[in-house]
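Data first, discussion second: the structure below is written as structure tokens.
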Amino acid sequence: MVIEKKKMGTICLGISTFLNPLGFDIVVYKLMTLTKDYWHTMGILYVMSALLFGLSYFSFKKIGNKLGNLLLTLALFFNPFGYDIVVSLINMLTGDYWITIMFMYILSIMFFLVYLFLYNINFFKNIRI
């Protein structure tokens with residue numbers, strides 16, 4: 001089985017997006033200072049995410065797309081599905097939350113660079129200021 005270059009690039013982009021803790025790391029850290037436990041924090045985030053998903057569904061049906069999109073975006077941001085296990089496993093290896101998060105950023109950037117390479121995208125050429 002041969003995977004095409006573009007498909008592999010798309011997979012790398014998905015992995016990069018999944019591993020990127022942008023903003024979520026701060027939310028988790030702040031909640032952990034309140035709960036003093038990683039898994040209680042994840043439980044709270046799962047509940048928040050489920051409530052926001054439900055509200056977005058209701059909003060799309062009854063109110064409108066703007067609020068529905070906002071609630072759906074928030075639900076996806078707070079949803080730790082799978083990410084919690086990856087962070088927990090890496091945290092067991094490093095023993096430090098912030099080193100774990102730094103490692104997650106590095107992994108995310110590495111997969112994003114592979115995506116750019118596989119799609120032949122010159123990042124600096126495509127950014128216009």
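Bear in mind that the values in this text are calculations on the coordinates, not laboratory data. This one's a predicted model, so the numbers in the text were calculated from it and none came from an experiment. Cβ atoms come from the backbone with ideal geometry, glycine included; neighbour counts cover every protein chain shown.
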**Study point:** Net charge dipole size for the stretch 5-126 [Lys, Arg +1 and Asp, Glu -1 on Cβ; Debye, nearest 20]
**Key:** 620
Review point. Expressed as a rounded percentage, what relative contact order does the chain have, with Cα pairs under 8 Å and six or more residues apart?
Key: 40
Review point. What is the spin-label model distance, in nm, from TYR105 to LEU22 if the labels are put 7 Å beyond Cα along the C-beta direction?
Key: 1.3
Point to revise | Volume per residue that the Cα convex hull of the chain spans, once the total is divided by residue count, Å³ | key: 168
Point to revise | Under 29 Å from LYS7, Cα to Cα: lysines that are on another chain or at least 8 residues apart | key: LYS125
**Study point:** Qualifying chymotrypsin sites (Phe, Trp or Tyr not before Pro) for the stretch 70-129 [loop in DSSP, other Cβ within 10 Å: at most 16]
**Key:** PHE81, TYR119
**Study point:** Among ASN69, VAL114, LEU19 the positive-end extreme of the charge dipole of the chain (Cβ point charges)
**Key:** ASN69
Review point. Excluding same-chain residues fewer than 8 positions from LYS66, which lysines have a Cα within less than 29 Å of its Cα?
Key: LYS30
